Amino acid sequence: MKKIPFSPSIETKIMLPFLLLVIFPVLFVGGISYWSAYKNYSQSMEEKAALSLNQALLQLEHIHQKVLARAVSLTDGKKDSIEFTQKLWKNEMVIVEGEVMLLAPSDPWTELRLHLSGTDQPHGRVILDNTWFHQSYLLFDTYEPWNWRIGILVTINPFSPALTNIQKYTLITIVIASIFVIQATILLAHHIAKPLKRLAGWFDQVRDGQPFHLEKENEEMLQRKDEVGILVDAFHQMVRQMEERKQMEVRLTRLERLAALGELAAGMAHEIRNPLTGMKTSVQVLQRRIAGNEQNDMLLTGIQSEIERLNRLTIQLVHFAKPQLARLLRVDIRQVLDEVLALLAQPIRDKQIRIEVRQTHTPLFAFYDPDHLKQIYLNLLLNAIKVVPSAEGKIVIHMTENSEELRIDISDNGIGIPPEHADKIFNPFFTTDPKGTGLGLSVVHRLVTEHGGHIDAKDVGDEEQGTVFSFTIPKKRRKHVDEASGHY
């Protein structure tokens, strides 16, 4: 079984350094604060022990003065001193006389006695236990008149209730600050990683060949001024250039295919038209010879009708293979549209179609062949008239311009183009109309591209049915190879 290497997520890679950079100072400051409080606590405990030891020595001196004044006996004085000391400093004070333990605070008292009796110093301290979590020592002094060694036991614990009670607000602050730092680090890592993850998802989407569109909720990423915004803008520009290059490749492929088919269509049209002419002439001669037979007349008329249909098809093939030479004239594209709409007035009235023309600038002029422009308008509008519903049909022609080109959008509310047909509609002989030849859009595509423009088709969108055919007309006048002949 193949072992999959662990790879931490980008959030983890961002969060851990930030967490270490921030949590360590918080813990360090908190630790220093607690250690400082511990040292102050240790000092105060030692000062308190020294004060208690001085008080005990003063009490011994007071009783000793009574003994010297014969107010009490020495034995009673010592007994009273031990009782007084035990009453005030129970479990803290140690008294040793020579080798005898007079007062022991805790077991094992022999260890304390040995510590006191074994030192030659009249006063000082004896370390009993010294670790990082516990410290205890005996602070002692000597009362020479009675030859007593008096010591007080000092125990310091860094986690003692007295110290933690003093430092509880510091500990609470450290805990709250640590929680806040962790939460803030998580939010910061998520804030940084979220757009990067989204951008990585976009790369995967583009890599897998899926169409990419920047959604409205992601548009704010383009407005960012930081590195993420720069990355998103660069990605958006890259995708747009890829789409333009892809569209260009599709157009070039389509042009190459159309050019090859055009040559084939020209040859086929030439070979078909000559036999059709002979067949039509022969049928006409036969019809005159056997005139009077109604049944034969019907058959021969049907043959002539089919020959005429084939002849029209060959004419369309000729137009597709070799359109008429362009005559570049300065034309008003709206005026040409009005002329075409006048020709189509009857079918528009028959289906009760509503025509809407939108024009951002008036007038819009272009150097174009008016006959070619009429043919483009006519084919696109005829397609739209066929697909829109009767009485509810609507066709919108929208004319706009920019610094480089004019754009004409012809949209309808028909059934739309199925996705599987989207890349085939400009192919010759492709049609979903049983009565169509499949050459209308191919001729339109060829005329548009030969004038330096481009054409495409897409769904209307916005949850509505229909199709939008858009073609462009370059504003810059194209130079002719032969100005007189009209060849490009």
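The values are calculated or read from the model by the stated rules, or taken from the named source; none is laboratory data. These figures come from a predicted structure and were not determined experimentally. Ideal geometry is used to build each Cβ from the backbone, glycine not excepted, and the neighbour counts take in all protein chains shown. The protein model used for the area step is the full one, side chains on, heavy atoms only, and it has no ligands, DNA or RNA in it. Shrake-Rupley method; radii C 1.70, N 1.55, O 1.52, S 1.80 Å.
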- By how many nm would the segment from Leu196 to Thr131 lengthen if fully extended, with 0.36 nm per residue of separation less the alpha-carbon distance? 18.3 nm
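With a ≥ b ≥ c the root eigenvalues of the C-alpha gyration tensor of the range 142-203, is it rounded (a/c under 1.5), prolate (a/b larger than b/c) or oblate?
Note, shape of the range 142-203 comes out prolate.
For Gln121 and Arg207, what is the calculated FRET efficiency with R₀ set at 56 Å and r taken between the beta-carbons, to the nearest 0.05?
0.10
For His361 and Val460, what is the calculated FRET efficiency with R₀ set at 25 Å and r taken between the beta-carbons, to the nearest 0.05?
0.60
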- At 0.36 nm per residue, minus the direct Cα-Cα distance, what do Glu83 and Ile176 gain on full extension? Give it in nm, one decimal, please. 28.5 nm
- Message: Let me check I've understood the local charge: for Met238, count other residues with C-beta under 14 angstrom from its C-beta, Lys and Arg +1, Asp and Glu -1. What total comes out?
- Response: +1
- Compute the distance in nm between two label points, each set 7 Å from the Cα along the Cα-to-Cβ direction, one at Glu392 and one at Lys168. 7.6 nm
- Of Ile179, Ile272, which has the most accessible area and how do the rest follow, probe 1.4 Å? Ile179, Ile272
- Task: Would you compute, for the Cα atoms of the range 331-382, the largest minus smallest coordinate along each principal axis and list the three values in descending order, in whole Å?
- Result: 34, 23, 14
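So, with +1 on the Cβ of K and R and -1 on the Cβ of D and E, and no other charges, what is the size of the charge dipole of the range 352-394 about its Cα centre, to the nearest 20 debye?
Values: 5 positive and 4 negative charges, 31 e Å.
Computed about the Cα centre, the dipole is about 140 debye.
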- Calculate, in nm to one decimal, what Ile23 and Ser305 gain on full extension: separation in residues at 0.36 nm each, minus their alpha carbon distance. 92.3 nm
- Query: Mean separation of Cα pairs under 8 Å and 6+ residues apart, divided by the residue count of the range 348-402: what relative contact order is that in percent?
  - Reply: 68 percent
- Might you report the magnitude of the Cβ-based charge dipole of the range 17-80 about its Cα centre, with Lys and Arg at +1 and Asp and Glu at -1, to the nearest 20 debye? 160 debye
- 1.4 Å probe accessible area per residue over the range 35-93, in Å²: 66 Å²
- The percentage of the accessible area of the range 141-188 (probe 1.4 Å, all protein chains present) made up of carbon and sulfur atoms, to the nearest whole number, is 70 percent
- Message: Rolling a 1.4 angstrom probe over the protein chains, ignoring ligands and nucleic acids, what is the accessible area of Phe203 in square angstrom, nearest 10?
- Response: 90 Å²
- Of the cross-linked pairs Lys424/Lys458; Lys351/Lys394; Lys246/Lys458; Lys197/Lys458, which ones have a Cα-Cα span greater than 19 Å in the structure shown? Lys197/Lys458
- Message: Could you sort Lys476, Lys280 by their accessible area in this structure, using a 1.4 Å probe and putting the largest first?
- Response: Lys476, Lys280
- Row for the range 337-432, column shape: gyration tensor on C-alpha, a ≥ b ≥ c, rounded if a/c < 1.5 i.e. under 1.5, prolate if a/b over b/c, else oblate; value oblate
